[in-house]
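Take a look at the structure below.
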Amino acid sequence: MPTRKGSSLTITLILPFVMLIALLTGVLGVLWYWTGSKTVSMLSQQLMVEMAERIGQAVDRHVFSSGSIIEASFPAGLPAPQDIEDGMPALRSRLWAATSLTQRLGDYVYYGNDAGQGVGLLRSSETQAELRVKLQAQEARSIYLLPGIQAKPIFLHKEANLFDPRTRPWYRLAQNTAGHIWTPVYIDFNAKDLVMTRARRVTGADGKVVGVVATDVFLNQLRVFVDGLHLAEGAQAFLMEPNGDLIAATGMDNIRQGADGQPSRVNAASADNLLMEITYQKLKHEFSESNEVASTALIFDAQKRAIEVAYLRVTDGAGLNWLAVVAVPHQQMLAGIRAHVVLVIALGLMALGAALGLGLRIFGGLAKDMRSLTYAVRRVGQGEIDVPIGVERNDEIGELANNVHHMRHRLFTDALTGAANRSALNHILETLTRPGAAKPAVFAILFIDLNQFKPLNDRWGHENGDLALIEVVQRLKAVLRSNDVLIRLGGDEFVAVLQGISSQDQLDVVQAKIREVLAPALLSLQGLPEGEMVHLGASIGQAIYPGDGADPQSLLKHADLDMYKNKQQSGDGR
């Protein structure tokens with residue numbers, strides 16, 4: 001009996017401690033869930049905004065050259081002749097030069113006038129094009145092979161159908177509008193792709209409108225870009241027009257076959273994708289209300305389930321009005337953290353007395369790691385793209401930190417060379433030029449364009465071109481300081497952000513080091529004959545903040561123009 005009494009007393013004394021341990025374990029689990037949810041939500045929103053901005057940048061890069069093509073074909077203020085035949089040699093040369101701007105096959109620019117005449121040039125290769133000419137309103141177009149800018153056209157055939165530019169939507173829209181305009185997006189039945197046309201009216205010597213110049217922009221590259229974005233499971237990224245018609249979407253075509261066998265546009269409101277349909281209904285007012293800065297929002301479906309969205313309105317001066325959207329179910333974002341909380345509570349209850357000491361120790365380390373992760377995310381938002389995360393764990397939090405590191409690396413790193421990418425450049429410059437900083441930033445940028453890179457690609461192949469770019473980045477990093485950032489814009493164009501540099505003397509030293517390190521022959525190329533040496537130089541432009549520009553766009557434009565001026569003066573080529 002005394003033993004039983006002692007046992008009962010022991011149990012009675014221990015019971016409150018067991019209850020306290022269970023209570024504390026529950027509190028720790030709740031705190032863990034709250035801290036983890038907050039960090040995951042903040043991180044996800046940051047990454048979603050970056051993704052929406054990347055889509056907007058892809059659109060800008062894809063359609064920007066269309067305006068240059070039109071202006072090169074008919075520079076502002078250049079009067080058009082009443083009869084196309086009178087100015088044909090000069091017009092043909094301008095059309096050739098215009099389609100050479102992007103070095104992209106398939107570029108097509110054309111001009112029609114109020115007399116029903118028309119001329120168009122479709123670029124088929126670097127050295128030849130197809131010329132389409134119509135000199136009489138009631139005759140079909142004649143098709144010629146043009147083997148060079150000054151070459152004599154070679155007649156191929158006449159079209160069977162009559163083409164009258166005056167009846168086309170692009171002609172009618174541009175004729176009654178000042179400046180550039182976009183036609184609505186339409187389906188090209190031959191290419192089975194979405195296309196839109198950019199156009200601008202042209203005046204004669206008397207200032208009256210006599211015709212319209214236009215160029216087509218195929219949108220397949222945007223579809224491929226959006227479809228290739230790396231998203232979390234259950235997430236969706238898409239680009240759409242105000243009426244919901246899709247330009248591009250992850251895991252989804254933008255054109256479908258109808259019951260009659262005819263292709264038609266896919267619409268977000270009827271795409272058989274509930275996440276997309278709900279997001280479109282909640283955001284369609286943003287086409288007229290939002291500004292051109294990426295925003296985030298929390299929306300709900302009919303069952304009150306939350307959806308995190310980031311969106312960016314994409315516009316331009318010719319009437320483009322699209323919305324780039326990234327949407328993730330909130331429940332999907334927190335699934336991992338919820339599962340971990342359940343595991344922690346269950347283990348705490350099973351461990352009883354040992355759970356208190358072990359739980360406090362785990363929570364202390366967890367809180368520290370969550371603070372490190374939160375700090376890293378916040379610093380990334382402030383422009384420090386390479387700030388260390390400082391979390392070394394083998395559990396879900398370690399996996400989350402590892403995923404953050406890899407996602408940040410994919411967002412801000414050029415996959416080929418290991419240099420930073422265009423998203424990183426925008427992030428850094430936006431941070432350094434942000435108004436209201438207590439201590440204004442001191443920095444300069446160099447715009448570096450490699451010389452003789454295209455001949456290297458053409459002669460020794462794209463694989464050697466890639467090896468050359470990798471070697472160039474290694475050489476440039478060797479002469480830049482640890483706090484400088486090297487960015488690859490694309491192709492053979494680079495930008496170096498030099499913090500703490502504000503004088504021409506300092507920039508001259510850096511430029512001299514860059515030219516010196518790029519001067520020796522390349523060592524990484526493969527398959528070259530013995531004794532063959534390949535050299536690359538560089539044309540460099542500069543801009544100092546804030547004297548040469550107070551915002552990222554102004555700084556980059558100033559450095560780009562300075563680079564082209566130096567390239568022309570030195571006579572260097574590509």
Item to check | Residue-wise HN-Hα coupling along segment 63-77, computed from phi with Karplus coefficients 6.51, -1.76, 1.60 (Hz; x: Gly, Pro) | outcome: 9, 4, 5, 4, x, 5, 4, 5, 5, 6, 6, 9, x, 4, x
Checklist entry - Taking the Cα centre of each part, how many Å lie between segment 119-153 and segment 232-283? => result 38
Next on the checklist: Treating only the Cβ of Lys, Arg, Asp and Glu as charged (+1, +1, -1, -1), what charge dipole size does segment 441-514 show about its Cα centre? Round to the nearest 20 debye.
Outcome noted: 160
Checklist entry - Between segment 60-94 and segment 513-574, how many Å separate their Cα centres? => result 30
Item to check | Mean-position separation - Cα centroids, segment 293-324 and segment 421-494, in angstrom | outcome: 31
Checklist entry - Using θ = phi - 60° and the Karplus form 6.51 cos²θ - 1.76 cosθ + 1.60, what ³J(HN,Hα) does each residue of segment 272-281 get, whole Hz, x for Gly and Pro? => result 6, 9, 4, 4, 5, 4, 5, 4, 4, 4
Checklist entry - Over segment 98-163, one equal point on each Cα, no solvent: what is log10 I(q)/I(0) by the Debye formula at q = 0.23, 0.29 Å⁻¹? => result -0.98, -1.24
Checklist outcome for this item: Under the Karplus relation with 6.51, -1.76 and 1.60 and θ = phi - 60°, whole-Hz ³J(HN,Hα) for segment 294-309, x at Gly and Pro, equal 4, 10, 10, 7, 10, 10, 10, 8, 5, 8, 6, 7, 7, 10, 7, 10
Checklist entry - Can you pull the three principal axis extents for the Cα set of segment 462-572, in Å, largest first? => result 49, 31, 24
Checklist entry - If R0 is 60 Å, what FRET efficiency do you get for Ile154 and Ala306 from their C-beta distance, rounded to 0.05? => result 0.40
Checklist outcome for this item: Sorted by chain and number, the residues with a modelled amide H under 5 Å from that of Ile247, at a separation of 5 or more or across chains, are Leu239, Met240, Glu241
Checklist outcome for this item: The exposure ranking of Ile187, Ile544, fewest beta-carbon neighbours within 10 Å first, is Ile187, Ile544
Checklist entry - Sorted by mean Cβ packing within 10 Å, highest first, what order do the peptides 152-158, 229-235, 562-568, 486-492 take? => result 486-492, 562-568, 229-235, 152-158
Checklist outcome for this item: Given pairs Lys477/Lys557; Lys454/Lys565; Lys152/Lys454; Lys192/Lys282; Lys513/Lys567; Lys152/Lys208 and cut-off 25 Å on Cα-Cα distance, the over-length ones are Lys152/Lys454; Lys192/Lys282; Lys152/Lys208
Item to check | Compactness relative to 2.2 N^0.38 Å, alpha carbon Rg of segment 74-218 | outcome: 0.99
Next on the checklist: For segment 438-512, compute the orientation-averaged projected area of the C-alpha convex hull (one quarter of its surface), in nm².
Outcome noted: 5.7
Item to check | Normalised alpha carbon radius of gyration of segment 221-332 [divisor 2.2 N^0.38 Å] | outcome: 1.05
Checklist outcome for this item: Between Gln452 and residues 5 or more places away or on another chain, the pairs with built amide H atoms under 5 Å apart involve Gly573, Arg574
Item to check | Ranked list, fewest to most other Cβ atoms within 10 Å of each Cβ, for His558, His462, His62 | outcome: His462, His62, His558
Checklist entry - Per Stokes-Einstein, at 10 °C and 1.306 mPa s, what whole-number D in µm² s⁻¹ belongs to segment 514-574, with the Kirkwood radius over Cα pairs as the hydrodynamic radius? => result 115
Checklist entry - Quick one: Lys192, Lys439, Lys284, fewest Cβ neighbours within 10 Å first, how do they rank? => result Lys439, Lys192, Lys284
Checklist entry - Rg/Rh for segment 169-274: what does it come to with C-alpha atoms and Rh from Kirkwood? => result 1.10
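All of the numbers you see were taken from the coordinates with simple rules; none came from a lab. These figures come from a predicted structure and were not determined experimentally. All Cβ positions, even for glycine, are placed from backbone atoms using ideal geometry, and neighbour counts span all protein chains on display.
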